[in-house]
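As structure tokens, the structure follows; a few thoughts come after it.
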Amino acid sequence: MEPPYKNILNEIENLLSQKTVSNVPQIIAQAQALYEKAIDYHLEAHKLVIALQLFMIRWKLLNGLDEGVESLLMQIIKQSQNKEYLTLEADAWMLLCSLYQTLENAPKCIDYSNKAYKLYNNLGLNDKKCQSLTIMATMESKLGYYEQALEHFFMAYDCTDISANPQNTSKPMLFYNIVGILIMQKRYDLAAEELKKFEHYYYNKNFSSPLQKFWFYLTKIAYNNELKNFDKSLEFCQTAFATFEDSPKLSIFIPSIHYYYSEATAALNQFELSFDSVLKILDYAEKQNALEFYLRGYYVLAKIFMSSDSEKSRKHFWAHPSLSKFNGNLANLIEEIKHISKGLNIPVQQFLVYELFIDYYEQTKNYQEAFKYSQQLRNLESDVYNIQKNDLIFRLQEDFNTKQKEQEIQFQQKMLTKQKQINLNLERFAHTASHDMREPLRMISNFAQLLNNEQFPVNEKEKKEFLDYIVSSSQQLTKLIRDLLKYSTMCLNTEETKEISLKQILDIILLNLKDNISKKNAQIDIPTNLPKLHAQASLLIQLFQNIFHNAIKFVDTSKPVQVHFQIKQKGTELIYMIKDNGIGIEAQHLEEIFTPFSRLHSKKNYPGSGIGLASCKKVVQFYGGEIWVESILDQGSTFYFTLPQCNPSW
């Protein structure tokens, strides 16, 4: 016959096997009754009874019942050490860690999670290792120990196997934290790389769990907010709200999205939307007594009051019942933010708070306080970013110095190659320019000498003819000098770079070329859907007008002129194409035509200084692009160019 206590242990084992609990008070009462029965049989040191205590503590902590928990856990740890119940000891340390995480005591939380991690590592429990490392890294990042936090997040990532459980949310959450820390460190290039990995991972693993999707969206939102891509951030926020807001399981995470949403809408001066989200953050903070969310909500609220120009809107916001304690006074709100931030003492939040105080005191012309918080911000930065003065920093510095030297060598080699090309171009330019200028000068000199030759006097008719040649050559030389000056200074003007419609530019060009178009009866095809460009209008006009002018000019008189303009997208780049049905260009001249004063035809048939396409190339290069031409003799040419630095938008 089995001893009576065997039934109690069996009941405890059955209770511990429950993964989900619907009625927490009932299950805790049931566990407490079993525990008391076990005590009657002096089973308090039994492994299952200790596990039962941890079970009760876990559910109490989840429901905010933490009174007396710390001393009880310390007692359990001592019992477990004596009995060498390593798993139970590790679980007890983790519960202590959870307690201090709730209490926002980061140093103790880091210490206890580290103790738990070492035990789980010895036991080979990967899921538990991941859990302890994640909490440790989260607290380290709050204290500004970014390098340690990154190391522990990556360690947690390596010991998480999602293939065993496709619904596992650890990896998506770790991606969010890793990207978040890189953003805090202003290492945006690495953050972008990790985000790209996350996107690849997200789409390849076909995440179906709502929480997995949530972490993906939250990462995208945080990244875009930090880079001030607020429109993009709002798109992801709206998608997240539509997907998750009605999900009870995700209700505790939604305030985080509201924080980013309120921050983005405030930055875009959409204060009503921002205020609505702030109220939801504060409502959550009140229900959960979450000081960090009070701080977040009040921070954005202060930003709204400091940025809004509408007195009516400010009065409307202050009138809300949840803000009654501030009596419509921004100074009272600032004092509350000071009080909360002092209690939390989280460096990550302090950065934002100090920047807010500096803005507030500058706005209220209290420069002494602004200076005080400016000093505190500098001190905080010094504390946070100099905390990790260890081998890692020196190694990073050494790597940086090595890379910097390599980059300097590459840069010098690149500049040397570029300088050689510039010198070669200048040499060609000087040779061509001097040749083109000598011709009209020689004409002027020759005819002036003929007029001045007393041995062979000229009659009135010849005199008029010679003077006409001199005037014509002088005009040609003047135009040449003017074009040369224009070419030399065309990208040096101080005209404002602004967003301008390409349609507006082309309308100006068609008006300028109206006579040429009419004379040649030219048909110009231009698409209706054209982008806007960030550029100097005068440079765009020179670029497009020169190519359109040539397309109309270099056409056999027996043909009707046809010019087609197109824009094609190749990846993220736009390629502009202007096609004509003109006389074409021989293959050996396709590059030559972009050099200054280059002419393939006589001035009599096609007049001009030969500087138009060289100017086009200069404008294109000014905007970081390339220009080239494809042509078939007697059939026409197509000019292609790109303008990547004009940041096109549709």
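In the range 510-550, of all residues being farther than 18 Å from TYR640 by Cα and of a type in the set (A, V, I, L, M), the one that is nearest to the chain's Cα centre (by Cα) corresponds to ALA535. Filtering the range 312-328 to residues that are part of a helix (DSSP H, G or I), under 20 Å from GLU286 (Cβ atoms) and open to solvent by less than 80 Å² (accessible area, probe 1.4 Å) leaves PHE317, TRP318, SER322, LEU323, SER324, PHE326. When the range 523-540 is filtered for residues that are hydrophobic (A, V, I, L, M, F, W, C) and farther than 19 Å from GLN566 by Cα, the ones remaining, listed by number, are ALA535, ALA537, LEU539. Looking across the range 429-468, the residues that are surrounded by 14 or more Cβ atoms within 10 Å (Cβ to Cβ) and at pLDDT below 60 come down to PHE429, THR432, ALA433, ASP436. Of all residues in the range 636-650 being of a type in the set (S, T, N, Q) and either in contact with a helix residue (DSSP H, G or I) (Cβ under 6 Å, 6 or more places away or on another chain) or at pLDDT 90 or above (or both), which is farthest from SER538 (Cα to Cα)? Among them, the one singled out is SER637.
Of the residues making up the range 243-270, just one is in contact (Cβ under 8 Å) with a residue 24 or more places away in the chain, loosely packed, with under 14 Cβ neighbours inside 10 Å and not in a loop (DSSP other than H, G, I, E, B), namely LYS249. Within the range 615-633, if we keep just the residues that are of a type outside the set (Asp, Glu), open to solvent by 40 Å² or more (accessible area, probe 1.4 Å) and more than 31 Å from the chain's Cα centre (by Cα), the residue that is modelled with the highest pLDDT turns out to be TRP628. Please indicate, with yes or no, whether at least one residue in the range 340-358 is more than 29 Å from the chain's Cα centre (by Cα), closer than 30 Å to THR138 by Cα and open to solvent by 40 Å² or more (accessible area, probe 1.4 Å). The answer is yes; a qualifying residue exists. Would you be able to say whether some residue in the range 545-566 is out of contact with any strand residue (DSSP E or B) (no Cβ under 8 Å at 6 or more places or on another chain) and aliphatic (A, V, I, L, M)? There is no residue in the range 545-566 that is out of contact with any strand residue (DSSP E or B) (no Cβ under 8 Å at 6 or more places or on another chain) and aliphatic (A, V, I, L, M). In the set (1) modelled with pLDDT under 70; (2) farther than 17 Å from ILE135 by Cβ; (3) open to solvent by 30 Å² or more (accessible area, probe 1.4 Å); (4) under 48 Å from the mean Cα position of the chain (by Cα), the condition left unmet by GLU44 is number (4). Looking across the range 565-595 at every residue that is in a loop (DSSP other than H, G, I, E, B) and out of contact with any Leu (no Cβ under 8 Å at 6 or more places or on another chain), the one that is most open to solvent (accessible area, probe 1.4 Å) is identified as GLU591. If you check GLY608, GLY612, GLY571 for being within 24 Å of LYS520 (Cα to Cα), modelled with pLDDT under 85 and within 41 Å of the chain's Cα centre (by Cα), only one passes: GLY612. GLY124 fulfils the conditions (1) at positive phi; (2) buried (at least 19 other Cβ atoms within 10 Å of the Cβ); (3) modelled with pLDDT of 85 or more except for a single criterion, (2).
Just one of the numbered conditions (1) of a type outside the set (Val, Ile, Thr); (2) open to solvent by less than 20 Å² (accessible area, probe 1.4 Å); (3) at pLDDT below 85 is not true of LEU282: (3).
If only residues of the range 192-242 that are assigned to a helix (DSSP H, G or I) and small (Gly, Ala, Ser) are counted, the one that is most open to solvent (accessible area, probe 1.4 Å) is ALA242. Using the structure shown, decide if PHE275 is in a helix (DSSP H, G or I), in contact (Cβ under 8 Å) with a residue 12 or more places away in the chain, open to solvent by 20 Å² or more (accessible area, probe 1.4 Å) and not hydroxyl-bearing (Ser, Thr, Tyr). Taking the combined requirement at face value, the residue does not satisfy it.
Would it be correct to say that ALA285 is in contact with a Lys or Arg (Cβ under 9 Å, 6 or more places away or on another chain) and either part of a helix (DSSP H, G or I) or aromatic (Phe, Trp, Tyr) (or both)?
yes
Can we say GLN185 is of a type outside the set (Lys, Arg) and in contact with an Asp or Glu (Cβ under 7 Å, 6 or more places away or on another chain)? No. Restricting attention to the range 104-131, the residues that are more than 33 Å from the chain's Cα centre (by Cα), free of Cβ contacts under 8 Å to residues at least 12 places away in the same chain and not in a helix (DSSP H, G or I) add up to 1.
The values are calculated or read from the model by the stated rules, or taken from the named source; none is laboratory data. What you see is a predicted model; the values in this text were computed from it and never measured. Glycine gets a Cβ as well: all are built from the backbone with ideal geometry, and neighbour counts include every protein chain shown. We work out accessible area using only protein heavy atoms, side chains counted, and drop any ligands, DNA or RNA first. Shrake-Rupley method; radii C 1.70, N 1.55, O 1.52, S 1.80 Å.
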